[in-house]
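Take a look at the structure set out below.
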Amino acid sequence: MANMQKYTRGQIGGLTRHYERGQKEDGSYYDFGNQEIDTSLSHLNYNLAPERDGGQLSFISKRTSEVKCHNRADVNVMCSWVITAPKNLADNEHQLFFQEVYSFLNQRYADSSDKNVISAYVHMDESMPHLHYAFVPVVHDKKKGIDKVSAKIAVDRVDLQKFHQDLERHMAGVFGREVGIINEATKDGNKSIDELKRGTAQAELDTINQNITDSRNILTDVLLDTSVAEIERKEHEKLSAEVKNLRSEKAQLDKELSNSRTTVKTLKKQIKELNPHVDRRSYGAIRDFEETVRDEVKGRLVGGGKTITDKGWNSLHHWAKVGLSNASTAEAYEAKAKVLDDENKDLSKRVQILQPYHDKLAPVLNSPYRAEFEDLERKTRNWSQEQQNERREAIERAQQVQKEQVPSIPVKKKSKAYEHSR
């Protein structure tokens, strides 16, 4: 509602021209702060103080020369009160209000005279009607018995704290009611323009900080949601990869299991095919050979016995060789069949262990993945069947070659001396 500011000589030129509505070279008015002037209302402005000869600046120079004033650039030679009309005043009460404010300020800062007043312009052409009361801060030094310029003494902190309360009491006596000078902004005392600006800036800063805090909270929520979605996506990808690996491992195990079953089946078939031949011919030939040798040894020991011809000898050796080879092959096949059967059992156990994980993870895959894996399994089965067919044909060809090409064991021919000895 009211605020005060102090100025040095270097700051007062533009302000005084603003008070009296001076114009710049381009024809625009000097303004104060961020005020906007409605030139159509400028004719309603008026000055409550006497018109000073030579203007406001000349009066300031004259008045400061009449009293003690230090000739320094930092000396405040002018104080200015800006008093805004309260909102609950009627338009027809504004003139009386400003006239009483002028009297109140003269009493407070110039012993009820206008000897220190530079100007007291009432502006009606801005957003709110207000009074610019500018004065030279002259005080009396009791110790030295002189008048001097001292803005620090003329308007001190105590004066600022009591200003609004004192003005409210003065106006209540004039209008017979409170006019609204005391409000939330003025109840703790008057504030200078810089303090008001700092207060406004602090409020704006608080708003900005709150907006930043809100934005950070929103950003944190967004980042959190994004992080959760990213984690879920990565977990899904990881899970999908695990399912894919499990499917691949299961397919490989199924393939190995199928191959081992086929191999075991083939070996058992080969063993079954070889057993009659070994039992019927090879084992019989071996038995005959053993009996003949035994008879021959017995005959030589007792001086008699059965005579073996070269042809019989060669035949016995041939079938003994075939019997031994077939028996060795059968034993090898049986050993391999046993190993593969053990591997088959191990693979079956591994498949049983993996099956629950496969059944648990399978539902997370979407239809494209399922179709892809089913197609892969189908191709794997087809490929496995082709491999089995090729392996079976290769085994059959090997068996045929083995039957057709049985190596013979060369038999050393017995000497004539051996025959005569018999």
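Cβ-Cβ under 6 Å, sequence separation 6+ or interchain: first residue in the range 25-46 and within 21 Å of Gln95 (Cβ to Cβ), partner modelled with pLDDT of 85 or more and of a type in the set (A, V, I, L, M, F, W, C). Which pairs? Matching pairs, first to second residue: Leu41/Met124; Leu44/Met124; Asn45/Met124; Tyr46/Val122.
Please list, ordered by residue number, the strands (runs of 3 or more DSSP E) wholly in the range 121-167 having 2 or more residues that are aromatic (Phe, Trp, Tyr) and closer than 30 Å to Asn45 by Cα. Reasoning before the result, please.
On the way: elements: 130-135, 138-141, 146-149.
Strands (runs of 3 or more DSSP E) meeting the threshold: 130-135.
Would you call Ile146 over 59 Å from the mean Cα position of the chain (by Cα), surrounded by fewer than 16 Cβ atoms within 10 Å (Cβ to Cβ) and among the hydrophobic types (A, V, I, L, M, F, W, C)?
Working: over 59 Å from the mean Cα position of the chain (by Cα): yes; surrounded by fewer than 16 Cβ atoms within 10 Å (Cβ to Cβ): yes; among the hydrophobic types (A, V, I, L, M, F, W, C): yes.
Here the answer is yes, as Ile146 does meet what is asked.
Can you name the residue in the range 62-88 that is closer than 24 Å to Lys115 by Cβ and among the polar types (S, T, N, Q) and, of all such residues, is most open to solvent (accessible area, probe 1.4 Å)? Explain how you work it out, then say what you get.
Restricting attention to the range 62-88, the residues satisfying the condition of being closer than 24 Å to Lys115 by Cβ are 62-72, 75-83.
Okay, now just the ones that are also among the polar types (S, T, N, Q), so 64-65, 71, 76, 80.
Numbers: Thr64: 9, Ser65: 90, Asn71: 154, Asn76: 46, Ser80: 2 Å².
Result: Asn71.
Screening Met171 on (1) on the phi < 0 side of the Ramachandran plot; (2) at pLDDT below 65 shows it passes everything except condition (2).
The values are calculated or read from the model by the stated rules, or taken from the named source; none is laboratory data. Just so you know, these numbers come straight off a predicted model, no measurement behind them. Note that each Cβ is placed from the backbone with ideal geometry, even for glycine, and that neighbours are counted across all protein chains shown. Ligands, DNA and RNA are excluded from the accessible area calculation, which covers all protein heavy atoms including side chains. Shrake-Rupley method; radii C 1.70, N 1.55, O 1.52, S 1.80 Å.
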